[in-house]
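Trainee: Have a look at this one before I ask anything.
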Amino acid sequence: MKPEDYNTQNKPVWCPGCGNFGILMAVKQAFAKADLKKKETVVVNGIGCSDKYHQYIDTYGFESIHGRILPVAMGLRLANHKLKVVCIGGDGDGYGIGMCHFIHAMRRNLDVTYIVCNNQIYGLTTGQTSPTSEKGFETKSTPNGNIEPPVNPIALALASGATFIARGFAGEVPYLRDLIIEGLNHKGFSLIDVFQPCVTFNHKNTYEWFNDKLYKLEDHDPKDRDAAVAKASETDKLPIGIFYREEKPTYEDEIEQISRKPLVEQDISGVKMDDLLDELS
Ligand SMILES: Cc1ncc(C[n+]2csc(CCOP(=O)(O)OP(=O)(O)O)c2C)c(N)n1
């Protein structure tokens, strides 16, 4: 596969310069390298600027509602765990309204890849404070400065049991592509938090700001949880790369009923649906 094989006829409607363009490029390049088959892959989105990906990637797609990417992904995996499920959404979607699903999907080790386009603001609703906005950040919803400390997604993922945790940058496409490939090849929950400049509403965390702050994790052992926690806590300079990786049974592995074959391939003609529906009604 080539990255352009995943193109659709839709032209992205993001603002010129939006970090989503870099992420989209990296995702398509990663899909091509990982040789993802269009009919065996589903991109699941929520609501937000960063939830348009399914319109621009020619695989199966599902536009869910705000904050509910992971429950949909879980349903897909339970119905047919032969499908590659790739979740893409915003920081408001995943770390705000969808926060509880985020934690539970990680502790279950659901076998999906979750790419969070983290622009530290609500983009689609035109610039309100998000859970990853910095303290003091002035936005439409916090004109006197945000009084809340931000969520630290990497530390949260470590505490919640995620088995692959990485952070990338929309302005470093080849590096991001490689992180996404690693995430796609990981068996279990893979989080790729991506710093994504929002050129229209976030005039603080700009490309220049990130270029000054970011460095690549090099002398770091991703098996070392304590080192990962220390790296996740850094704020003066911000590391990108793979923070943590471990092998553990997935949620799907633990479910006996689907261990032999996906639910969609099983013969359920003998199941008395009416009895079941009566019981539930
Ligand atoms: C249940 C629900 N609450 C609120 C909204 C309004 N809403 C739409 S997008 C959005 C925030 C988007 O921010 P984020 O998830 O960070 O994505 P971005 O647009 O920045 O990519 C909100 C609050 C909604 N659509 N549904």
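Trainee: How big is the chain on each of its three principal axes, counting only the C-alpha atoms and giving the largest first in Å?
Mentor: Cα extents, longest axis first: 61, 42, 41 Å.
Trainee: Then there's this: Among ASN144, ASN211, ASN202, which one shows the biggest mean-square fluctuation in a GNM of the chain, springs joining Cα atoms closer than 10 Å?
Mentor: Answer for the Gaussian network model of the chain: ASN144.
Trainee: Which of VAL43, HIS81, GLY67 sits closest to the plus end of the dipole of the range 3-280, meaning its Cα is farthest towards the positive end, when Lys and Arg get +1 and Asp and Glu get -1 on the C-beta?
Mentor: Farthest along the dipole direction, towards plus: VAL43.
Trainee: Another question, then. What FRET efficiency do you get for GLN257 and SER281 if R0 is 22 Å and r is their Cβ-Cβ distance, rounded to the nearest 0.05?
Mentor: Details: r = 23 Å, r/R0 = 1.05.
For GLN257 and SER281, the calculated efficiency is 0.40.
Trainee: Another question, if that's okay. Suppose the chain between ALA155 and LYS187 were pulled fully straight at 0.36 nm per residue; how much longer would it get relative to their current alpha carbon spacing? Could the numbers behind the result be given before it?
Mentor: Working: separation 32, 0.36 × 32 = 11.52 nm, distance 2.05 nm.
Contour length minus Cα-Cα distance gives 9.5 nm.
Trainee: With +1 on the Cβ of every Lys and Arg and -1 on the Cβ of every Asp and Glu, and nothing else charged, how large is the dipole of the chain about its Cα centre, in debye rounded to the nearest 20?
Mentor: 500
Trainee: Follow-up question, since we're still on this one. For the ranges 45-53, 1-9, 102-110, what's the packing order if you count other beta-carbon atoms within 10 Å of each residue, average per peptide, and put the highest first? If you can, show how the numbers build up before the last one.
Mentor: On the way: 45-53: 24.3, 1-9: 12.7, 102-110: 21.1.
Most protected by this proxy first, the peptides run 45-53, 102-110, 1-9.
Trainee: With +1 on the Cβ of every Lys and Arg and -1 on the Cβ of every Asp and Glu, and nothing else charged, how large is the dipole of the range 53-185 about its Cα centre, in debye rounded to the nearest 20?
Mentor: 400
Trainee: May I ask you to derive the relative contact order of the range 40-80, considering only C-alpha pairs under 8 Å and at least 6 residues apart, and to give it as an integer percent? Present the calculation step by step, with values, prior to reporting the outcome.
Mentor: Numbers: 53 pairs, mean separation 16.4, N = 41.
Relative contact order of the range 40-80: 40 percent.
Trainee: With r defined as the distance between the Cβ atoms of LYS216 and GLU40 and R0 fixed at 25 Å, what FRET efficiency is calculated, to the nearest 0.05?
Mentor: After rounding, the FRET efficiency stands at 0.20.
Trainee: What does the charge count around ASP51 come to, taking other residues whose C-beta lies under 12 Å from its C-beta (Lys +1, Arg +1, Asp -1, Glu -1)? Please list the in-between numbers first.
Mentor: On the way: positive: LYS52, ARG68; negative: GLU63, ASP91, ASP93.
Around ASP51, the surrounding residues sum to -1.
Trainee: Using the Cα centre of the chain as origin and beta-carbon charges of +1 (Lys, Arg) and -1 (Asp, Glu), tell me which of ALA157, THR206, TYR122 is placed farthest towards the positive end of the dipole.
Mentor: So the residue we want is THR206.
Bear in mind these aren't lab numbers, they're just calculated from the coordinates by the rules spelled out. Given the structure is predicted, the values throughout are model-derived calculations rather than measurements. A quick note on method: Cβ atoms are made from the backbone with ideal geometry, for glycine too, and the neighbour counts reach across all protein chains shown.
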